[in-house]
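K.L.:
First, the structure itself, so that you have it in front of you.
The values are calculated or read from the model by the stated rules, or taken from the named source; none is laboratory data. If you're wondering where the values come from, they're calculated on a predicted model, not measured in any experiment. All Cβ positions, even for glycine, are placed from backbone atoms using ideal geometry, and neighbour counts span all protein chains on display. Heavy atoms of the whole protein, side chains included, go into the accessibility calculation; ligands, DNA and RNA do not. Shrake-Rupley method; radii C 1.70, N 1.55, O 1.52, S 1.80 Å.
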Protein chains: 2
Amino acid sequence: MNYRHPERDQIRIDGVLSALGNPLRLSVVRLLDSGGEQNCSRVLNVLGVTAKSTMTHHWRVLRDSGVIWQLASGRENLLSLRREDLDARFPGLLDAIVTGARTDDPVGARAGSGG
Amino acid sequence: MNYRHPERDQIRIDGVLSALGNPLRLSVVRLLDSGGEQNCSRVLNVLGVTAKSTMTHHWRVLRDSGVIWQLASGRENLLSLRREDLDARFPGLLDAIVTGARTDDPVGARAGSGG
């Protein structure tokens, strides 16, 4: 299964902000930012999320807004942050968000601990 | 009538991102960023919004997330961006967002045209 992703120039700032205006999705982004490409299971595990169906929705929001790549790989899905595209479209935005999220919640996302 | 606003240290990044993940609210912020304190009527007028009741909701979202001050002044409400608080809490975030919004929509918010 291949997922649809917007092209770089289709990424809209209101979509990105809306996608990241959610604590769990923000944690996913922090995790991917610190740990590079990861499979879904590991992300769920690190974040302590057990409800896979809930995450299906969150993956879609992050994917459709252009924040992450989600690629099928065998029975798994690989997730990665579209940092290059986001930095090209909105310079400084992702860094400001990740830094700000760390300010709010220094430990959060357990993002620094596992990757 | 006095509105409640969060203290600076109560402002959360997910709340700010969620508030700004909406094209109309993003336009309000661009307008306030370029024009300083404005009254509600003028903002509605510049943005071409006629549904005042809809805006009541948007003002609340922007106020509760810590993005704007809304102060009663006679029969009017004065709106201003909490730039100092936002810059202190999340350095670079507001600039990246306003610049990004301008990239997406160079004319939008008619923010540069009205003063």
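K.L.:
Would you be able to tell me the number of residues in the range A:47-98 that are in contact with a Cys (Cβ under 7 Å, 6 or more places away or on another chain) and open to solvent by 20 Å² or more (accessible area, probe 1.4 Å)?
P.N.:
Adding up the residues that qualify gives 2.
K.L.:
Run B:SER27 past the list (1) within 14 Å of chain A (Cβ to nearest Cβ); (2) open to solvent by 50 Å² or more (accessible area, probe 1.4 Å) and report the number of the one that doesn't hold.
P.N.:
Every listed condition holds for B:SER27 apart from (2).
K.L.:
Quick check on my filter: what residues within the range B:6-22 are touching a residue at least 60 places away in the same chain (Cβ under 8 Å) and either under 19 Å from B:VAL43 (Cα atoms) or open to solvent by less than 50 Å² (accessible area, probe 1.4 Å) (or both)? Working first, answer last.
P.N.:
Filtering the range B:6-22 down to residues touching a residue at least 60 places away in the same chain (Cβ under 8 Å) leaves B:6, B:8-9, B:11, B:13, B:16, B:20.
Residues satisfying the conditions are B:PRO6, B:ILE11, B:ILE13, B:VAL16, B:LEU20.
K.L.:
Looking at A:ASP64, A:ASP85, which is the one that is in contact with a Gly (Cβ under 7 Å, 6 or more places away or on another chain), of a type in the set (Asp, Glu) and touching a residue at least 12 places away in the same chain (Cβ under 8 Å)?
P.N.:
A:ASP85
K.L.:
Just a yes or no: is a residue in the range B:4-13 at the interface with chain A (Cβ under 8 Å from one of its Cβ atoms) and out of contact with any His (no Cβ under 7 Å at 6 or more places or on another chain)? Let's see the steps before the verdict.
P.N.:
Pass one, the range B:4-13, residues at the interface with chain A (Cβ under 8 Å from one of its Cβ atoms): B:12-13.
Checking which are out of contact with any His (no Cβ under 7 Å at 6 or more places or on another chain) leaves us with B:12-13.
Scanning the range B:4-13, I find at least one residue that is at the interface with chain A (Cβ under 8 Å from one of its Cβ atoms) and out of contact with any His (no Cβ under 7 Å at 6 or more places or on another chain), so the answer is yes.
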